[in-house]
1. Using only Cα atoms, figure out Rg for the range 89-175 and give it as a multiple of 2.2 N^0.38 Å.
2. Along the positive direction of the dipole of the chain (beta-carbon charges: Lys, Arg +1; Asp, Glu -1; about the Cα centre), which of Q22, A211, A130 reaches farthest?
3. At V13 and S217, where each label point lies 7 Å from the Cα along Cα→Cβ, what is the point-to-point distance in nanometres?
4. Extent of the range 10-119 along each principal axis, from alpha carbon coordinates, in Å, largest to smallest?
5. Using the Cα centre as the reference, give the magnitude of the dipole from point charges on the C-beta atoms of the range 111-156 (Lys, Arg: +1; Asp, Glu: -1; all else neutral), rounded to the nearest 20 debye.
6. Sort S25, S150 so that the residue with the fewest other Cβ atoms within 10 Å of its own Cβ comes first and the one with the most comes last.
7. How long are the three semi-axes of the equivalent ellipsoid for the chain, computed from the Cα gyration tensor as the root of 5 times each eigenvalue, in whole Å, largest first?
8. Under 16 Å between alpha carbons, and skipping anything fewer than 8 positions from K72 in its own chain: which lysines qualify?
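Read-outs: derived from the displayed coordinates by stated rules, not from any lab. What you see is a predicted model; the values in this text were computed from it and never measured. For neighbour counting, all protein chains shown are included, and Cβ atoms are generated from backbone atoms with ideal geometry for every residue, glycine included.
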Amino acid sequence: MARPYHPGPKQFVFAAGDGNDQQVSVGDPQEAYVAFSAFYRGREADIYTIKDEPAGQSLVLMPGAGVISRIKDADQPRSEYLRVDRANRYLPSAMLFFENGFKGLDRFGQWFADLADLDASPETRGAARAATITTEAAAIEEVARIWADSGIVDPSDQYYVFFDSHGAGDDRAERAALLKLLEFLGLERVDAPAGAADGEVWVRTDPRLDAEFARWS
């Protein structure tokens with residue numbers, strides 16, 4: 001059960017550029033997510049905005065451009081941009097925003113202050129994001145996040161499978177980041193078995209990851 005907002009209820013404004021903005025008053029992040037999901041799925045827009053006006057924060061989803069932007073208008077205004085490789089990433093980003101606002105998206109991916117930086121290749125963006133992670137704890141958390149998004153444990157319980165059933169053309173930035181982090185952590189990557197999708201990454205299980213994966217599963 002989602003933790004209630006305190007103080008609550010909390011107000012958000014949803015907009016999609018069609019003039020039919022929706023203001024909601026909700027008691028917890030899950031209620032906010034349900035309301036926004038209905039708003040999002042009931043339209044076909046290029047841009048969706050979630051505004052938390054009392055906090056001076058916004059989340060802008062741009063499925064037409066494959067971009068998410070987070071904005072903070074407080075003492076030190078900031079706008080940051082994230083390239084999105086898959087359509088199913090938009091609503092999870094909204095849930096994180098409802099839970100913890102701007103900072104709730106810190107580990108959702110690699111954010112750039114300049115929209116032009118998103119033009120780098122996915123592999124370059126992924127490797128650059130991995131390079132910003134310099135501690136074992138942070139690396140384990142990021143590997144667990146990537147696994148939780150599209151991974152499984154092999155039925156033998158000997159291997160973690162990342163990007164289960166995904167092709168090599170999918171998740172290119174995430175895969176590049178993962179490979180760098182596996183190297184940083186000294187984790188053993190193994191060859192995928194015959195018949196596995198060509199985008200899968202198989203890694204031998206490691207006690208350091210088991211507890212973190214359980215937390216994310």
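1. Numbers: Rg = 14.2 Å, N = 87, 2.2 N^0.38 = 12.0 Å.
Relative to the 2.2 N^0.38 Å estimate, the range 89-175 comes out at 1.18.
2. So the residue we want is Q22.
3. The two pseudo-label positions are separated by 4.4 nm.
4. Result, largest extent first: 36, 33, 24 Å.
5. Details: 3 positive and 9 negative charges, 8 e Å.
The dipole magnitude comes to about 40 debye.
6. Final ranking by Cβ density, sparse to dense: S25, S150.
7. Ellipsoid semi-axes (Å, largest first): 33, 19, 17.
8. Qualifying lysines at Cα under 16 Å: K51, K103.
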